[in-house]
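Read the structure below first, then the notes.
No lab work stands behind these numbers, since they all come straight from the coordinates. Every value quoted in this text rests on a predicted model; they were computed, and no experiment measured them. Every residue, glycine among them, receives a Cβ derived from its backbone with ideal geometry; neighbour counts consider all protein chains shown.
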Amino acid sequence: MDVPGERSMHVNKTPTLGGIGIFIAFSLTIILFAIFTDLSQTDLIKLLSLLGGITILLFLGIKDDILVLSPRKKIIGQIFAATMVVLMTDIRIDNFGGLLGIEELHPFFSIIFSIFIFIFIINAFNLTDGIDGLAASIAIFASTVFGIFFLINGSYLMTFVSFILVSSLVGFLRFNLSDTQKIFMGDSGSMFVGFILAFQGIALLGMSGSEALDFKLNGLPVIVLAVFAFPILDTTRVFFIRLKQGRSPFSADRNHIHHRLLDLGFTHKSATIIICAFNTLIVALTLFVDFLNINIHFLLLIVLIIVPLLHLFPFFIEQEKDKGTMKFAKPKLTF
């Protein structure tokens with residue numbers, strides 16, 4: 001149970017092991033899918049490696065939710081899970097598609113970079129789990145986008161992985177947003193859900209160089225970046241603030257974008273809707289510009305401009321408490 005404290009957004013004791021429910025729904029469905037489907041050995045290895053990785057992260061998360069686990073031990077577990085999947089499935093980022101002038105990566109650097117991306121996305125997604133519905137909604141959106149692309153290109157194994165995760169999270173979201181039966185995802189869920197999203201994103205990037213794709217996107221690396229825009233921006237921002245203050249980047253605080261929205265008077269649900277709407281708008285705009293066959297570097301520049309402007313807007317607004325209204329404020333260096 002999560003007992004309310006100084007940083008808590010809730011006032012009642014709340015169960016924190018919602019991740020176990022998501023894990024059971026996801027893993028059992030994946031297992032049944034593998035049993036009743038004639039999978040190739042390669043696909044079976046992918047599924048077994050994925051299940052092995054998320055199982056490791058599930059138990060790390062459970063221990064952290066119940067007893068608290070040090071960041072160092074969590075990182076070691078994440079590195080082990082990511083390394084296992086990258087080496088056993090060969091799902092890794094081996095080509096930048098010309099982004100920043102980089103094409104193919106050396107296998108060694110490809111493996112190291114892919115493991116780093118796994119760890120970053122896991123922790124970035126973990127940090128989004130701060131208000132009701134936000135982490136699950138961001139994950140549902142990301143997995144849906146990935147799933148549609150996999151489906152269009154005939155990658156049915158990854159399509160099932162994407163939409164099984166979506167279904168598992170929709171079931172959880174019903175309780176996460178409930179007023180009477182509320183349950184939190186906890187680290188037991190946020191870490192392995194972030195792991196599955198990283199798995200999908202990297203697998204998608206690995207398909208970008210294939211000539212057999214029915215539906216190709218020239219700026220696919222930038223589009224994947226746009227899908228993860230909010231977790232990446234928020235995590236990078238709070239890490240920078242904490243390091244600037246001489247604290248550990250993994251120390252807790254109330255500097256997240258969703259905290260600012262709550263301070264402005266928005267509810268959990270409205271703050272979640274705002275963030276998800278902005279993320280959807282960013283991805284839609286990125287796809288639209290990509291369809292115009294714009295240079296990938298210009299596409300990246302657009303994303304790097306639009307993402308901060310939209311997601312950091314709460315820091316340009318201040319609330320007049322006596323009047324209950326809001327107005328634009330001078331930007332602060334701390335945002």
(request) Along Cα→Cβ, 7 Å out, is where each label goes; now give me the distance between the ones at PHE298 and VAL68 in nm to one decimal. (result) 5.3
(message) At a 10 Å Cβ-Cβ cut-off, how would you order LYS13, LYS182, fewest neighbours first?
(response) LYS13, LYS182
(message) Under 26 Å between alpha carbons: how many lysine pairs meet that in the chain, if sequence neighbours fewer than 8 apart on the same chain are excluded?
(response) 21
(request) Could you pull out every residue, at least 5 positions away or on a different chain, whose amide H is within less than 5 Å of the one on ASN95? Hs are placed 1.01 Å off N in the peptide plane, and Pro or chain starts have none. (result) LEU105
(request) Identify the residues of the range 24-67 with backbone N under 12 Å of a label point that sits 7 angstrom from the Cα of GLN181 along the Cα-to-Cβ direction, or state none. (result) none
(message) Suppose R0 equals 45 Å. What FRET efficiency, 1/(1 + (r/R0)^6) with r the Cβ-Cβ distance, do MET1 and PHE36 give to the nearest 0.05?
(response) 0.75
(message) I want to verify a result. In a Gaussian network model of the chain, Cα cutoff 10 Å, which of these has the top mean-square fluctuation: ILE54, ILE91, ILE31?
(response) ILE31
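Note down the relative contact order for the chain as a percent, whole number, built from C-alpha pairs under 8 angstrom at least six residues apart.
Details: 427 pairs, mean separation 68.3, N = 335.
Relative contact order here is 20 percent.
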(request) Treat each spin label as a single point 7 Å out from the Cα along the C-beta direction, and report the PHE239 to PHE288 distance in nm. (result) 3.1
(request) Mind sorting ASP234, ASP129, ASP43 by how few other Cβ atoms lie within 10 Å of their own Cβ, fewest first? (result) ASP43, ASP234, ASP129
(request) For Rg and Dmax of the Cα atoms in Å, several values are listed as [x] 19.8, 66; [y] 19.9, 71; [z] 20.9, 60; flag the one computed from this structure. (result) [x]
(request) Just rank PHE149, PHE298, PHE230, fewest to most, by other beta-carbon atoms within 10 angstrom. (result) PHE298, PHE149, PHE230
(message) Below 10 angstrom from the Cβ of LYS74, what's the summed charge of the other residues (Lys, Arg +1; Asp, Glu -1)?
(response) +1
